[in-house]
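Please read the structure below before turning to the comments.
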Amino acid sequence: MLQVRQLTKRFGGLVAVDAVDFDVAQGEIFGLIGPNGAGKTTLFSLVAGALPPDAGEILFEGRSLAGMGSAGICGRGLARTFQIPQTFASMTVLESIMAGAMLHHRRIDAARAAASAVAQRVGLGRRLDVPTPALTTAEKKRLEVGRALATQPRMLLLDEVLAGLNSSEVGAMLELIRTLRGEGMTVLFVEHNMEAVMGICDRLVVMDTGRKIADGPPQEVMRDAAVVRAYLGDAATEVQHA
Ligand SMILES: Nc1ncnc2c1ncn2[C@@H]1O[C@H](COP(=O)(O)OP(=O)(O)O)[C@@H](O)[C@H]1O
Ligand SMILES: [Mg+2]
C-alpha cells in the first residue's frame, strides 16, 4: 500500500533520513521506532508531505506522492496526526473534527453529523462542546486521531499518539487502533516507546541516526544485535544526562 524507496532528507550536513526503504501492506499495523534523533519524525513528515525529500520516492497505492504537499496527500486517503497536538483555542471538539470532515462534506450539517459520529468512535462523544485546550492529554490524542479519521483515510499515520499517556490510556488507544485495523484501516505508527508497539505491530522498521537498522516482525527485530545496541546506547545517554 505504501512503498518507501531510498528516501533521504538532509538538514545542512546532517542526514536525518538516509536512503530508507520499507513497504507497508494493506491492513497492516506497521511500526516505525528508534531512539531519540533516529529520524522518525522527519521520515513521518516526508511521508505526510510536510517536508520535501532530497532523494528517493514514496508511492501510495502505486502512485508517487512527489510534490503533492500535505493537503493533496490527505485528499489521496493518507491522513496524519501531529506529535504535538495542534489545537485551536477557539475551537470545540466538534468544530475541530469538522475541520477534517469538510474535506468530503461540503454541507455544514453533513460535516457536523460526520464529525459527531467520528467523535463517538474515538470516545469523545460526550465532549463535543468542550474547547480543545480544556481536554486532557489523552483526550487531545484521541481528538488528533478523530481529526485524521474525519478525512476518511485508507491509511493513518500516527506520530507518538501514546506519548504522555498512562498505562490504561495507552491500552485504550491501542484498542482503538486495533478496532480501526479490524475495519480495514492500514496504520503506520511512529513511537519512541518500543514496548508499547511490540504487542500491536505486525511489522516494524527500526531506525538509528537516519538509517534503517532492522525490519521484520517485532519478536525478530528485538533479537537483532544492532537494535539492542541502539536502545542500550540511548538509555546510557539518557542516564548520563539525568
Ligand atoms: N527542521 C530541522 N532542522 C535541522 N535539524 C533537524 C530538523 N528536524 C530534525 N532535525 C535533526 O534530524 C535528526 C532526526 O530528528 P527527528 O526526525 O526528530 O528524530 P526522532 O523523531 O527519531 O527523534 C535529529 O538529529 C534532529 O536534531
Ligand atoms: Mg520524533
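A short reminder: the numbers here are calculations on the coordinates, not readings from a lab. Because the structure is predicted, anything quoted here is derived from the model rather than measured. Reconstructed Cβ throughout: ideal geometry from the backbone, glycine too, with neighbour counts over all protein chains shown.
I'd like the full set of residues that are buried (at least 21 other Cβ atoms within 10 Å of the Cβ) and away from ligand 2 (no atom under 16 Å from the Cβ), limited to region 47-59. Spell out the reasoning first.
Going residue by residue through region 47-59, those that are buried (at least 21 other Cβ atoms within 10 Å of the Cβ) are 47-49, 53, 58.
Passing the criteria: 49, 53, 58.
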Pairs, please: C-beta under 7 Å, at least 6 apart or cross-chain, first residue more than 25 Å from residue 60 (Cα to Cα) and hydrophobic (A, V, I, L, M, F, W, C) and in region 181-204, second in a helix (DSSP H, G or I) and within 16 Å of ligand 2 (Cβ to nearest atom)?
194/231
Which numbered condition trips up residue 167, out of (1) under 26 Å from residue 36 (Cα atoms); (2) surrounded by fewer than 19 Cβ atoms within 10 Å (Cβ to Cβ); (3) touching a Lys or Arg at 6+ places or on another chain (Cβ under 6 Å)?
(3)
Filter region 203-230 for residues that are in a strand (DSSP E or B), away from ligand 1 (no atom under 14 Å from the Cβ) and of a type outside the set (A, V, I, L, M) and give the result.
203, 215, 216
Of all residues in region 59-70, count the ones that are assigned to a helix (DSSP H, G or I) and on the phi > 0 side of the Ramachandran plot.
1
Answer yes if at least one residue in region 71-79 is buried (at least 22 other Cβ atoms within 10 Å of the Cβ) and within 16 Å of ligand 2 (Cβ to nearest atom), and no otherwise.
no
All conditions in (1) more than 30 Å from residue 140 (Cα to Cα); (2) in contact with a Ser or Thr (Cβ under 7 Å, 6 or more places away or on another chain) are true of residue 9 except (1)
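Take region 176-202 and flag every residue that is part of a loop (DSSP other than H, G, I, E, B) and not polar (S, T, N, Q). Even if it seems obvious, please write down each step before you answer.
Going residue by residue through region 176-202, those that are part of a loop (DSSP other than H, G, I, E, B) are 183-185, 192-193, 199-202.
Within region 176-202, 183, 184, 185, 192, 199, 200, 201, 202 meet the criteria.
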Can you pull out every residue in region 29-46 that is within 10 Å of ligand 2 (Cβ to nearest atom), assigned to a helix (DSSP H, G or I) and among the hydrophobic types (A, V, I, L, M, F, W, C)?
43, 44
Quick count over region 188-214, residues being within 14 Å of ligand 2 (Cβ to nearest atom), surrounded by fewer than 21 Cβ atoms within 10 Å (Cβ to Cβ) and among the aliphatic types (A, V, I, L, M), is 1
Would you mention how many residues in region 1-28 are touching a helix residue (DSSP H, G or I) at 6+ places or on another chain (Cβ under 6 Å) and either part of a loop (DSSP other than H, G, I, E, B) or free of Cβ contacts under 8 Å to residues at least 12 places away in the same chain (or both)?
0
Within region 25-41, can you find the residues that are at negative phi and surrounded by fewer than 23 Cβ atoms within 10 Å (Cβ to Cβ)?
25, 26, 28, 35, 36, 41
